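Participant: One structure is given below, represented as C-alpha cells, and several questions about it will come after.
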Amino acid sequence: METKLLSVPFRKTDRVSLYTCLKGVIDSEFYQSSSTFDKNLQEIDQLRKAAEAPSYSLESIALLKRYYVQLASLQTKFPEDSIESPWYGTLGVRVDGPFTYRSITYERANVLYQIAAAYSQLALNVDNKHSLDAIKQSCIYLQHSAGYFELLRTHIIPQLTNVPLELRSDVLETLQLLMLAQAQEKFWLFALKSDLKNTVISKLSAQVSQFYADSLALAKKTVCFKKDWIEHIHVKALHFKAAAYYRCSIHSGEQEKYGEEIAYLREAEQVFSTKLPKLDNEIALEDFKMLRQTVYDTLRKTERENDLIYLQDIPKVEPPTKVSMVKSILPEELIDLHKAINSGEYGRPLFEGLVPYSVIQVAMSYKDRVENYFVVNFKEPLEELNKKIDTVISDTGMTAQIEAILKPQSIPNWVWENKEKLEQMRWQSTLRELESELREARRNARPQLVKLWEEVQLARENDQQQRRLHGSKWQVPDFDESGAECYEMLNKLESYLDQSAKGDRIIFQQLKDLKPYLQVYESAESLEEFIPKSQVLDLNPDFKDVVFKLDDKVKHLKKLKNERYEFLENMRIKMNENQILMQVTEQYKKLVSQNIVVDENSMQYILDESLRKFDAELGFLTSTAAIQDSDISLIYDLYDIFKSLKRQLHGGKERETALRVLQDTMSGFREVVDNLKQGIQFYQDYMENLATTRQKVSDFLNDRRLLVSNL
C-alpha cells in the first residue's frame with residue numbers, strides 16, 4: 001500500500017544583494033574598508049542565492065546549512081538590522097507577502113524553514129521509493145524535517161518580536177507533527193512490507209493516527225493551511241485509527257477470540273461512521289474507502305460465523321496501544337552555533353578580520369561616556385556660570401546704563417560686536433530657512449496621519465460589512481479589540497500634533513515680534529537712528545570712579561566667559577586626540593589572540609584611563625567659580641552706589657532704553673533659533689513614531705487579510 005504524503009513548499013523571496021547591503025554597512029558603521037572583505041561579500045551573496053532558489057537535494061541542503069551557519073557568524077560581527085529580507089508565505093491558497101523585516105535572525109529563521117521544507121520534499125522523492133531501504137531513508141528525512149521545524153520553533157522564533165503568520169509557533173508545531181505523522185507512516189509501511197506481527201502494526205497505526213490527530217487539532221486553530229491539507233490530515237487520522245482496530249481484530253481472529261475480533265471491527269466501523277470530509281486526493285480517499293469496505297465485509301462475515309458457530313460474547317475492548325518509532329531529529333551541529341562556526345565543516349567564518357560591531361559599540365559607548373563626563377563635569381557647570389553672568393548683566397541692564405553715561409554720543413562696542421555676530425550667523429537666511437523647515441514639517445505631519453487613519457477606517461468598515469453579510473460564519477476577531485494597540489498609537493500621535501500646534505503658534509509670534517528689532521542691526525545708519533544721543537555730562541569724581549570700577553568688573557566677567565570658551569575648546573581638542581576606538585580595537589585583538597572572552601568588563605580599564613586624563617582640569621572649575629562669586633558680590637555693591645548717585649543725573653533715559661532693547665534682541669535671537677530647532681526636532685521624532693505606527697498598522701492589516709484569505 002502506497003499513500004500520498006504532503007511535502008512542505010519552499011518559502012519564496014526576492015533577490016537581495018548581500019554584497020551591496022553588507023558593503024554599505026561596513027562603509028557606514030565600521031572604521032574599516034569594505035574592499036578588504038570583497039571576497040567574503042561575494043561568497044555570502046552566493047550563499048544567499050542558494051536560499052532564493054533551493055531544491056530537494058542533499059547538495060542544496062548542505063548549501064543552506066552553510067548559509068545558516070555563516071549568518072550566525074555574521075551576527076557576531078554585524079548589527080542585527082544589517083539585512084532586510086522579503087519573504088513570501090506559500091502554505092495558503094495563494095502566495096502571501098512579502099513580509100519584510102530588517103533582521104539577520106529573521107533571515108536565519110527562513111533558511112531553517114527552507115531546510116525543513118527541502119527534507120520533506122526529499123523524503124517524497126527518494127530513488128527506488130518502493131524498496132525497504134528507500135522507505136527507511138524517507139522516514140529519516142521526514143524526522144530531519146520535523147527536527148528543523150522544532151529547532152526553528154523553539155530556538156529562533158522566540159528571538160523575534162514580530163513574525164508573519166506562517167512562522168508562528170502553532171503553525172510550525174503543526175508542520176512538525178505532520179512530518180512526524182508521515183515519518184511514523186513510513187515506518188508503519190516498512191513494518192507492513194516486512195510482514196511484522198499484526199499487534200506491532202496495530203500499535204504503529206495507532207501512533208500514526210495520533211500524530212495526524214494532533215497535527216489536525218493545531219492546524220484547525222490556524223488560518224494558514226489550505227482546505228485540502230486539512231481534509232487530507234483528517235482522513236489520514238481516521239484511516240489509521242480504523243486500521244489500528246482492524247489489525248487488532250486480525251490478531252484476535254488468529255487467536256480464535258472471535259468475540260474480541262468482532263468488538264475491534266465494530267470499533268473500526270464506528271470510526272468510519274464519522275462524517276467524511278470532501279477530498280480531492282484520490283489516492284488517500286481510495287485507500288480509505290478500500291479499508292472501510294474491508295472492515296464492513298469482514299465484520300458481517302465474522303458476525304455471521306460467530307452467531308452460527310462460535311457463539312462467543314462480545315467484550316468491551318480498550319483502544320490499541322500506541323508505539324512511536326520516530327522523533328524529531330534535531331540538528332545538534334546547528335544548535336551549538338559557536339562550535340559549528342569554528343568547526344570548519346561549513347567553511348571558514350567570513351569577515352574574520354572585521355572588528356565586531358559590538359566592540360565598536362563598546363568604543364562608541366566609552367566615547368559617549370567620556371563625552372558625557374566632559375559635559376556634566378565641565379561644559380554644563382561652566383555654561384551655568386556664564387548664564388549667571390548674563391543674568392546679572394541682563395537683569396540690571398548695567399551695560400546699557402554704563403555705556404549711556406561713558407559714551408553718550410557714540411554707539412557702544414558691544415552693539416557692533418552683536419551686529420558682526422548676526423552677520424556671521426546670516427540671521428535673515430537662518431531664520432527664514434528654519435521657519436520654512438518648521439512650516440514644511442508641520443504641513444507634512446497631519447496628512448500622513450490622516451491617511452493612516454483612513455486605511456484603518458476603511459479596513460474596519462469592510463470588516464463590519466463582511467460581519468453583517470456572513471454573521472456567525474465570519475470567524476475573524478473583532479476589529480476594534482484586536483486593533484486596540486494600533487488605536488492607542490494613533491491617538492497618541494493625534495495628541496502630539498495638538499500640543500505642537502500651540503507651541504508652533506508661540507514660536508511664530510515670537511519670530512514676528514523679534515524681526516523689526518533684528519533689522520535695526522542691518523546697517524550703521526539704522527543703529528544711529530535707533531540709538532538717540534544724549535548730552536555729555538560733567539560727572540563728579542566720586543560717581544566717575546564708581547562707573548569706571550563697575551565697568552571694569554563687568555569687563556572682567558566677560559573676560560572670564562572668554563577664558564571658559566577657550567578652556568572648553570582646548571579640552572575638546574584633548575578629547576579628540578584620545579583615540580578610544582584604536583585602544584579598544586587593539587585590546588580586542590590582544591584578548592582574541594589569548595582566547596579571552598571579550599566583553600565590556602575586559603575593556604573597562606580603557607575608560608578609566610580616559611577619564612583620569614581630565615583630573616587636572618577639575619581645579620579650573622573651582623577657581624573660576626570663586627573668582628566669579630567675588631566679582632559679582634563686588635558688582636552688586638558698586639551697582640547699589642551707582643544707582644544712588646545716578647538719580648542725581650538728568651537725561652539719557654531714552655538712550656539707555658534703546659541700548660537695553662538691542663541687548664535683549666540678541667538674547668531673543670538665540671532663544672528663537674533654539675525654539676525653531678526644537679520644533680523641527682519634534683516633527684522629526686514624530687515622523688519616526690509615525691513610521692513605527694505605520695509598520696504596526698500594516699502588520700495588523702496584513703495579518704487580518706491573511707486570516708480572511710484562508711477562511
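Participant: Which of (1) out of contact with any Gly (no Cβ under 7 Å at 6 or more places or on another chain); (2) touching a residue at least 24 places away in the same chain (Cβ under 8 Å) is the odd one out, the single condition residue 300 does not satisfy?
Facilitator: Every listed condition holds for residue 300 apart from (2).
Participant: Going by what's in this entry, would residue 150 be described as part of a helix (DSSP H, G or I), touching a Ser or Thr at 6+ places or on another chain (Cβ under 6 Å), touching a residue at least 60 places away in the same chain (Cβ under 8 Å) and within 19 Å of residue 337 (Cα to Cα)?
Facilitator: Considered against the rule, which asks whether it is part of a helix (DSSP H, G or I), touching a Ser or Thr at 6+ places or on another chain (Cβ under 6 Å), touching a residue at least 60 places away in the same chain (Cβ under 8 Å) and within 19 Å of residue 337 (Cα to Cα), residue 150 comes out as yes.
Participant: Take region 173-205 and flag every residue that is free of Cβ contacts under 8 Å to residues at least 40 places away in the same chain and on the phi < 0 side of the Ramachandran plot.
Facilitator: 191, 196
Participant: Further, regarding this structure: Can you name the condition, by its number, that residue 424 falls short on among (1) touching a residue at least 40 places away in the same chain (Cβ under 8 Å); (2) within 26 Å of residue 658 (Cβ to Cβ)?
Facilitator: (1)
Participant: Quick one: which residue in 123, 191 is buried (at least 23 other Cβ atoms within 10 Å of the Cβ), of a type outside the set (Asp, Glu) and modelled with pLDDT of 95 or more?
Facilitator: After applying the criteria, what remains is 123.
Participant: Return the pair list, or none, for Cβ contacts closer than 7 Å from residues in region 666-688 that are in the same structural domain as residue 497 (by TED's automatic domain parsing) and surrounded by 16 or more Cβ atoms within 10 Å (Cβ to Cβ) to residues that are hydroxyl-bearing (Ser, Thr, Tyr) and part of a helix (DSSP H, G or I), at least 6 apart or on different chains.
Facilitator: 673/430; 682/500; 686/496
Participant: Okay, moving on. Could you check residue 392 against (1) at pLDDT 90 or above; (2) outside any loop (DSSP other than H, G, I, E, B) and say which number it fails?
Facilitator: Answer for residue 392: the failing condition is (1).
Participant: Would you call residue 568 of a type in the set (A, V, I, L, M), over 30 Å from residue 438 (Cα atoms) and surrounded by fewer than 13 Cβ atoms within 10 Å (Cβ to Cβ)?
Facilitator: no
Participant: So which of 163, 126, 200 ends up being β-branched (Val, Ile, Thr) and in a helix (DSSP H, G or I)?
Facilitator: Selected residue: 200, the only one of 163, 126, 200 that is β-branched (Val, Ile, Thr) and in a helix (DSSP H, G or I).
Results for (1) of a type in the set (A, V, I, L, M); (2) buried (at least 24 other Cβ atoms within 10 Å of the Cβ); (3) in contact with a strand residue (DSSP E or B) (Cβ under 8 Å, 6 or more places away or on another chain), shown as yes or no for each residue.
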position	(1), (2), (3)
241	no, yes, no
258	no, no, no
285	yes, no, no
303	no, no, no
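Participant: Among the candidates 154, 161, single out the residue that is assigned by TED's automatic domain parsing to the domain that holds residue 93, modelled with pLDDT of 95 or more and surrounded by fewer than 23 Cβ atoms within 10 Å (Cβ to Cβ). Steps first, please.
Facilitator: Working: 161 fails: modelled with pLDDT of 95 or more.
Checking each option against the conditions leaves just 154.
Participant: Right, here's the next one. Which numbered condition in (1) under 30 Å from residue 660 (Cα atoms); (2) surrounded by fewer than 16 Cβ atoms within 10 Å (Cβ to Cβ); (3) at pLDDT 80 or above is the only one that residue 544 fails?
Facilitator: It fails just one condition, (3).
Participant: Which residue, of 339, 379, is without any contact (Cβ under 8 Å) to a residue 12 or more places away in the chain and either assigned to a helix (DSSP H, G or I) or surrounded by 13 or more Cβ atoms within 10 Å (Cβ to Cβ) (or both)?
Facilitator: 339
Rundown of residues vs (1) modelled with pLDDT under 85; (2) over 25 Å from residue 224 (Cβ atoms); (3) in a helix (DSSP H, G or I); (4) not small (Gly, Ala, Ser), yes/no style:
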| site | (1), (2), (3), (4) |
| --- | --- |
| 432 | no, yes, yes, yes |
| 440 | no, yes, yes, yes |
| 456 | no, no, yes, yes |
| 466 | yes, no, yes, yes |
| 477 | yes, no, no, yes |
| 480 | yes, no, yes, yes |
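The values are calculated or read from the model by the stated rules, or taken from the named source; none is laboratory data. Because the structure is predicted, anything quoted here is derived from the model rather than measured. So basically every Cβ, Gly included, is an ideal-geometry build from the backbone, and we count neighbours across all protein chains shown.
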